[in-house]
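Please read the structure below before turning to the comments.
What follows is calculated from the coordinates using simple rules that are stated; it is not laboratory data. The model shown is predicted, which means the values in this text are computed figures rather than measured ones. As a convention, Cβ positions derive from the backbone with ideal geometry for all residues, glycine included, and neighbour counts pool all protein chains shown.
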Amino acid sequence: MATLLYIRSSIFGDDGQSSRLAGEFITQWQKTDEHAEVITRDLIADPLPLLDAEVVAALMSESDQRTRQQQAIVDLADRLLTEVRSADRIVIAVPMYNFGVPAQMKAWIDLLARSGVTFKYTEQGPVGLLEDKPVTLIATRGGQYHASGQDHQIPFLQQFLGFIGLKNVKTVFAEGLNMGEELQAQALSEARETLLG
Ligand SMILES: Cc1cc2nc3c(=O)[nH]c(=O)nc-3n(C[C@H](O)[C@H](O)[C@H](O)COP(=O)(O)O)c2cc1C
């Protein structure tokens with residue numbers, strides 16, 4: 001049985017363009033295997049704690065010395081990690097807000113970045129500790145950045161994923177969504193074509 005982890009992060013929920021494209025892709029993917037399982041991590045409906053000193057202290061604490069509060073944070077981070085580990089493939093729907101990933105997605109990243117668990121440093125540099133698997137990023141934007149050299153969002157996300165071992169990353173862009181109806185329709189149609197074939 002194949003398992004797909006779906007990370008969603010549009011503040012517009014099901015109405016978000018990234019949620020729509022991801023939903024269509026996942027519906028098609030599920031048809032390939034009637035036993036296919038989808039794990040959904042909705043970063044907006046179920047927000048994660050932001051990184052602060054308390055979160056860092058919890059993640060770095062020894063398991064036999066944790067407070068109940070720290071244990072709850074570690075349990076949550078472990079749950080996120082289990083979701084990533086148990087998936088055969090991952091779909092990340094990532095809208096651009098103010099040039100970056102949604103703040104809620106940054107919180108997910110911050111809980112996944114765990115020294116000795118998802119990455120380690122060696123004399124040769126950092127090594128990702130997660131098993132590689134296909135990751136599809138569905139990037140929706142009001143403007144156009146991909147070919148301009150001004151995209152700091154997807155390169156950041158790819159860098160982070162590669163850092164923890166996920167290097168097999170493909171990105172499908174839907175850009176120019178706020179640049180008029182014609183451009184929007186074209187961008188969505190091209191993204192669908194790439195995603196759905
Ligand atoms: C608060 C906010 C900030 C945005 N910032 C940007 C931006 O920096 N660059 C851009 O191209 N589009 C920006 N947009 C447009 C979104 O990227 C666009 O609406 C896209 O469809 C968002 O994906 P979603 O529909 O899945 O939420 C912004 C939209 C909102 C609501």
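See the values below:
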{"quantity": "Kyte-Doolittle at least 0.5, axis length at least 18 Å by Cα - qualifying DSSP helices, the chain", "calculated": "none"}
{"quantity": "Of all DSSP beta bridges in the chain, antiparallel share, percent nearest 5", "calculated": "20"}
{"quantity": "For the chain, with +1 on Lys and Arg beta carbons and -1 on Asp and Glu, the positive-most of S19, G197, M105 along the dipole", "calculated": "M105"}
{"quantity": "C-alpha center-to-center spacing [the stretch 1-77, the stretch 121-197] in angstrom", "calculated": "18"}
{"quantity": "Simple Cβ-charge dipole of the stretch 85-174, Lys/Arg +1 and Asp/Glu -1, about Cα centre, in debye nearest 20", "calculated": "140"}
{"quantity": "Length-normalised contact order of the chain in % [C-alpha pairs under 8 Å, at least 6 apart]", "calculated": "22"}
{"quantity": "Equivalent-ellipsoid semi-axes of the stretch 152-192, from the Cα gyration tensor, Å, largest first", "calculated": "28, 11, 4"}
{"quantity": "Long-range lysine pairs (8 or more apart or interchain), the chain, Cα under 23 Å", "calculated": "10"}
{"quantity": "Relative exposure of D15, D151, D88, judged by other C-beta atoms within 10 Å (fewest first)", "calculated": "D15, D88, D151"}
{"quantity": "Prolate/oblate/rounded label for the stretch 5-76 (Cα gyration tensor, a/c 1.5)", "calculated": "oblate"}
{"quantity": "Value of [θ]222 nm, deg cm²/dmol, for the chain, DSSP H segments ≥ 4, -39500 (n - 2.57) each, nearest 500", "calculated": "-12500 deg cm²/dmol"}
{"quantity": "Relative contact order (percent, whole number), the stretch 1-97, Cα cutoff 8 Å, 6+ residue spacing", "calculated": "48"}
